[in-house]
Amino acid sequence: MIAPAAYGGTALLRALATFPGFVPAVMTRQPIQTVAVTDVAEAVSRAVAGSLPPRLAVDLVEANARPLAEVLTALRAWLGLQPARVVPMPAILGRLAGAVADMLGILGWRSPLRSAALAAVARGVTGDAAAWNRISGRPLQPLEATLADMSANVQERWFGRLWLAKPVIFACLSLFWLVSGVVGLIRQEAAADILVSHGVSASLAHILVLVGSAADILVGAAVVVRSLARHALLAMIAITLSYLAGATLLVPGLWLDPLGPLVKTIPALCLVLVALAVLDER
């Protein structure tokens, strides 16, 4: 179903259509029949009003099926992007993506790439348009007309690109905080020595390193759990600001360190803000 608001499979199609240079996809030859959300709304309205026969079961689809590759090409043109070749991806990549999406589903993320969805695409997303056409006397509009009725502006292109970047953003944040925490535990003596060399007592230095490492590992693990992600992102902001404030007070010379341990946290903080901005799915 094609609508101005994209979610699930339609969001994935928009994202693939915005891919730079080419359009990657699996099962590019599988037949697809689309339907406009306005046509679905009209059918529901008629059913509620009682103008349709009772216990009616019909497929709400456009008359003709088209390959998935053609759907992606049409979406790319609708987005106002330069034409690009749809490149079929190996089937094993689809199976791998489905397995990863299934695992993410356990953590609460609703990915349209789950194995059940891919199996549905493999069978073809089609239906019989004839029954509805006989009842309504008017065929449902094809994909071209559906897209022509919707405006596509820069926000649609932003959405598609950010949708693809979203899992990368969260994976990078999780990995960054987990590695930071684990390294802090492994190298806690060296980390504590930095604080001690700037006048912090040895006992306090070890406590700060242990608490900081534990906090890093906790938020790094929590951010990949959908129900905890927002709290984890907010905690990352609080921890980062506390880290910067504490380091500025205790060891201000770290701001001039040639390796930039404090300066490098600022881009990481910006990435957290981006993750917060794209967290909502609906």
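Give me the residue from segment 121-141 that is outside any helix (DSSP H, G or I), touching a strand residue (DSSP E or B) at 6+ places or on another chain (Cβ under 9 Å) and closer than 22 Å to Leu12 by Cβ and, out of that set, least open to solvent (accessible area, probe 1.4 Å). Ranking the qualifying residues of segment 121-141, first place goes to Gly124. Restricting the first member to segment 87-99 and to residues that are more than 20 Å from Ala17 (Cβ to Cβ) and open to solvent by less than 30 Å² (accessible area, probe 1.4 Å), and the second to residues that are in a helix (DSSP H, G or I) and not β-branched (Val, Ile, Thr), the beta-carbon pairs closer than 6 Å and six or more apart or on different chains are Gly98/Ser115; Gly98/Leu118. Based on this model, can you work out whether Pro83 counts as over 30 Å from Val224 (Cβ atoms), without any contact (Cβ under 8 Å) to a residue 12 or more places away in the chain and not in a helix (DSSP H, G or I)? So Pro83 fits the description; yes.
Which residue out of Ser180, Ser197 is of a type outside the set (A, V, I, L, M, F, W, C) and either within 21 Å of the chain's Cα centre (by Cα) or more than 30 Å from Arg161 (Cβ to Cβ) (or both)?
Ser197
When each of Val219, Val223, Val278, Val200 is tested for being touching a Phe, Trp or Tyr at 6+ places or on another chain (Cβ under 9 Å), hydrophobic (A, V, I, L, M, F, W, C) and over 22 Å from Val182 (Cβ atoms), the lone residue that passes is Val278. Taking the condition open to solvent by 70 Å² or more (accessible area, probe 1.4 Å), of a type in the set (S, T, N, Q) and either part of a helix (DSSP H, G or I) or under 30 Å from Thr10 (Cα atoms) (or both), does Ser203 pass? So Ser203 passes the test.
Looking only at segment 210-243, filter to residues that are charged (D, E, K, R) and touching a helix residue (DSSP H, G or I) at 6+ places or on another chain (Cβ under 8 Å); which one of those is surrounded by the most Cβ atoms within 10 Å (Cβ to Cβ)? Going through the qualifying residues, I end up with Asp216.
Among the residues of this structure, Asp149 does not count as one that is more than 20 Å from Tyr7 (Cα to Cα) and acidic (Asp, Glu). For segment 8-31, the count of residues that are open to solvent by less than 20 Å² (accessible area, probe 1.4 Å), outside any loop (DSSP other than H, G, I, E, B) and over 21 Å from Ala97 (Cα atoms) is zero.
How many residues, within segment 222-247, are in contact with a Ser or Thr (Cβ under 7 Å, 6 or more places away or on another chain) and either among the charged types (D, E, K, R) or in a helix (DSSP H, G or I) (or both)? Summing the residues that are in contact with a Ser or Thr (Cβ under 7 Å, 6 or more places away or on another chain) and either among the charged types (D, E, K, R) or in a helix (DSSP H, G or I) (or both) in segment 222-247 gives 3. Among the residues of segment 261-276, those identified as more than 14 Å from Ala232 (Cα to Cα) and either open to solvent by 40 Å² or more (accessible area, probe 1.4 Å) or free of Cβ contacts under 8 Å to residues at least 24 places away in the same chain (or both) are Pro261, Leu262, Val263, Lys264, Ile266, Pro267, Cys270. Annotation: Thr34 fulfils all but one of (1) within 25 Å of Gly98 (Cβ to Cβ); (2) surrounded by 15 or more Cβ atoms within 10 Å (Cβ to Cβ); (3) out of contact with any Ser or Thr (no Cβ under 7 Å at 6 or more places or on another chain); the unmet one is (3). Can you tell me which residue is least open to solvent (accessible area, probe 1.4 Å) among those in segment 55-73 that are at pLDDT 90 or above and either on the phi > 0 side of the Ramachandran plot or touching an Asp or Glu at 6+ places or on another chain (Cβ under 7 Å) (or both)? Checking each candidate, the answer is Leu60. State whether one or more residues within segment 50-58 are touching a Phe, Trp or Tyr at 6+ places or on another chain (Cβ under 8 Å) and more than 18 Å from Gly124 (Cα to Cα). Among the residues of segment 50-58, not one is touching a Phe, Trp or Tyr at 6+ places or on another chain (Cβ under 8 Å) and more than 18 Å from Gly124 (Cα to Cα), which makes the answer no.
The values are calculated or read from the model by the stated rules, or taken from the named source; none is laboratory data. Computed from a predicted structure; not experimentally measured. So basically every Cβ, Gly included, is an ideal-geometry build from the backbone, and we count neighbours across all protein chains shown. For accessibility, only protein heavy atoms count, side chains too; no ligands or nucleic acids. Shrake-Rupley method; radii C 1.70, N 1.55, O 1.52, S 1.80 Å.
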